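Values quoted throughout were computed directly from the atomic coordinates according to the rules given, and no laboratory measurement underlies them. Bear in mind the structure is a predicted one, so any value in this text is a computation, not a measurement. Here Cβ is always computed from backbone atoms with ideal geometry, including for glycine, and neighbour counts include all displayed protein chains.
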Amino acid sequence: MHIKQIDPDITKYLEAELNRQREGLEMIPSENFTSRAVLEALGSVATNKYAEGYPGRRYYGGCEFIDKIEQLAIDRAKELFDAEHVNVQPLSGAPANIAVYEALLEPGDTVLGMDLSHGGHLTHGHPVTQSAHIYNFIRYKTNTEGVIDLDNLRKMALEHKPKMILVGYSAYSREIDFEAVKAIANEVGALTMADIAHIAGLIAGGVMKNPVPIFDVVTTTTHKSLRGPRGGMILCKKQFAKAVNKAVFPGLQGGPHENVIAAKAIAFKEALSPEFKVYAAQIKANAKALEVVFIENGYNIMFGKTENHLLLVDVMSSKNVTGQQAEEALDKAGITVNKNMIPDDPRSPFDPSGIRFGTPALTTRGMREEEMKQIAGWMHEAIINHEDDAKLAAIREDVKQLTARFPLYEGLSYERGE
Ligand code: DSN
C-alpha cells in the first residue's frame with residue numbers, strides 16, 4: 001500500500017513540504033536538493049539490514065550485497081577526494097567529529113578550533129557540547145580584516161601546544177590555507193583536522209582547495225554542497241584508519257544506515273561526473289553575483305567577501321534590522337535564510353546581528369547570475385520593508401513566478417502517489 005493510504009496525515013505534510021521547497025527560494029547554505037536517485041536509495045530495502053562491522057567483517061549474516069554497496073561508497077569517496085582511507089558510516093557531521101576526537105585524542109588534550117561566532121561550529125569545542133567537557137578546546141578567531149590570522153594561530157599553537165589544530169567552518173566565506181595550517185601544526189607536533197562539511201561539494205568539483213591529501217583527518221557531511229543524503233563521512237591517512245574505524249563502530253555507533261550509505265555512493269558517482277564541476281563553479285559564481293548586489297545596496301559583508309558558496313551579512317549595522325527580523329521578513333517573502341551571529345556579536349544567538357545565506361540549492365535548480373541579481377534585489381527590499389506585510393506578500397508572488405520556471409522534482413507527488 002502507498003503512503004497516502006497508510007498515513008494521510010504524514011502524506012499531507014510531505015506534500016506541503018514538497019510544495020514549500022518548490023515555491024520558495026532555499027538559501028540556507030547548508031541545504032540542497034538531492035537527485036531522485038539519491039531519494040530512491042534512501043527509501044530502498046537497504047534500510048532493513050543490520051550490518052554492524054565493515055565490508056567483509058560483519059557481525060551479521062546476509063551482508064553480501066550490503067558489503068558491495070558500502071565498498072562502492074568508500075571507493076568512490078576515495079577517488080573523489082584523493083583519500084587514503086574513508087569511513088562512510090558516521091550518521092552525520094557531529095557524530096563524525098566526535099568519532100575523530102575519540103579516535104585521536106585523550107581526555108584533557110588541547111585542541112585549537114575556531115570560535116563559533118567567527119564562523120566555527122558548535123562541535124568544534126563550544127562550551128555547550130559534551131566534547132568541550134572532555135577535551136580542552138581553545139578557540140581562535142578571525143582578525144579585523146575578517147580572515148584567519150595565521151600569525152596569531154601560530155602564536156597560539158606555540159603557546160598552547162595543542163594535540164590537534166582544527167579548521168573548517170559553517171559560516172566562514174573565505175578559502176582556507178591548508179598548507180600554512182599544516183606547517184604550523186608540524187612546527188608544534190599537532191595533528192591536523194579539517195571539517196569540510198559546507199564546502200565538500202566545492203572541493204569535489206575542483207573549485208576549492210582539497211585538504212584531504214594534506215591533513216591527517218577530514219570530516220564532512222554529505223548533504224550540503226555535496227548534494228547527497230543527510231549523513232557524515234571521515235577521510236584520513238592510512239595510519240589513522242584503524243583508530244577511526246574503531247571509534248565509529250563499536251566506539252560510538254551501532255548498525256550503519258546502509259540505505260543512506262547506498263545514497264552516499266550514488267551522490268559520489270554524481271559528484272565524479274563532469275557536470276558536477278560545472279555545478280560547483282556555478283555555486284561560487286552565484287554567490288559572487290549576490291555579493292555584488294548586497295555591496296551595491298550598502299550591506300556590511302563579514303569576512304570581507306565570499307570565496308565559496310555563502311555570505312554572512314551584518315544586517316544590524318547595515319540597515320538597523322536584526323537577524324531575526326530579517327529572517328522573518330525573508331520567510332514571509334518566500335526566501336529561506338538563517339539568522340546568524342557575526343564575529344563577536346554583541347547580540348544574542350536568538351536575535352543576532354547577521355543573516356547567513358548561500359547558493360548550493362538554488363544552483364541545483366539551474367539558477368544563474370541573472371536570477372541571483374533579481375533575488376538579491378528582492379532580499380534587500382524585504383529587509384528594508386520588514387514591517388510591511390503587503391510588500392513582503394508581493395515579493396512572495398514574484399518568487400513564486402520565478403521558482404515556477406525552475407521545476408523541482410518534476411512529477412513527484414505524495415498525494416497522487418507518484
Ligand atoms: N547546521 C549546519 C549548518 O547549517 O551549517 C551545520 O551543522
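Taking only C-alpha pairs under 8 Å that are 6+ residues apart, what is the relative contact order of the chain in percent? Each step should come with its number before you reach the end.
On the way: 854 pairs, mean separation 97.5, N = 418.
The normalised contact order for the chain reaches 23 percent.
Among bridges DSSP assigns within the chain, what percent are antiparallel (round to 5)? Present the calculation step by step, with values, prior to reporting the outcome.
Working: 21 of 37 bridges.
That works out to approximately 55 percent antiparallel.
Kirkwood hydrodynamic radius for the chain: how many Å is it when counted over pairs of different Cα atoms? Write down the numbers at each step before the final one.
On the way: mean 1/r = 0.0450 Å⁻¹.
The Cα-based Kirkwood calculation yields 22.2 Å.
Once you put a point 7 Å from the Cα of GLU369 and another 7 Å from the Cα of ASP331, both along the Cβ direction, what distance in nm separates them?
3.4 nm
Among LYS209/LYS269; LYS141/LYS182; LYS209/LYS242, which pairs are too far apart, with a Cα-Cα distance over 22 Å? Don't skip to the answer; put the middle values down first.
Numbers: LYS209/LYS269 20 Å; LYS141/LYS182 18 Å; LYS209/LYS242 26 Å.
Going by Cα-Cα distance, LYS209/LYS242 fall outside the 22 Å limit.
Using a Gaussian network model of the chain whose springs link C-alpha atoms within less than 10 Å, name the residue from ALA243, ALA267, ALA16 with the highest mean-square fluctuation.
ALA16
Report the calculated FRET efficiency for LYS288 and TYR13 (r = Cβ-Cβ distance, R0 = 51 Å), to the nearest 0.05. Can you show the working numbers first?
Numbers: r = 36 Å, r/R0 = 0.71.
It comes to 0.90.
Would you mind classifying the stretch 26-181 by shape? Square roots of the alpha carbon gyration tensor eigenvalues, ordered a ≥ b ≥ c; an a/c under 1.5 is rounded, otherwise it is prolate if a/b is larger than b/c and oblate if not. Write down the numbers at each step before the final one.
On the way: a/c = 2.33, a/b = 1.75, b/c = 1.33.
Here the stretch 26-181 falls in the prolate category.
Excluding same-chain residues fewer than 8 positions from LYS4, which lysines have a Cα within less than 18 Å of its Cα?
Qualifying lysines at Cα under 18 Å: LYS12.
How big is the stretch 22-105 by the Kirkwood estimate over distinct Cα pairs, in Å? Can you show the working numbers first?
Working: mean 1/r = 0.0647 Å⁻¹.
Computed over the stretch 22-105, the radius equals 15.5 Å.
If you count, for each residue, the other Cβ atoms within 10 Å and average over each peptide, how do 268-276, 21-29 line up from highest to lowest?
Working: 268-276: 17.2, 21-29: 21.2.
By packing density, highest mean first, the sequence is 21-29, 268-276.
Could you sort the peptides 278-288, 84-94, 199-209, 401-411 by per-residue average Cβ neighbour count (10 Å cutoff), highest mean leading?
Details: 278-288: 20.5, 84-94: 22.6, 199-209: 24.2, 401-411: 12.9.
Highest to lowest by the protection proxy: 199-209, 84-94, 278-288, 401-411.
Cross-link partners among aspartates and glutamates for LYS49, C-alpha distance below 13 Å, same-chain residues fewer than 8 apart left out?
GLU64, ASP67, GLU70, GLU258
At q = 0.18, 0.29 Å⁻¹, what base-10 log of I(q)/I(0) does the Debye formula yield for the stretch 118-172 when every alpha carbon is treated as an equal point scatterer in vacuo?
-0.63, -1.28
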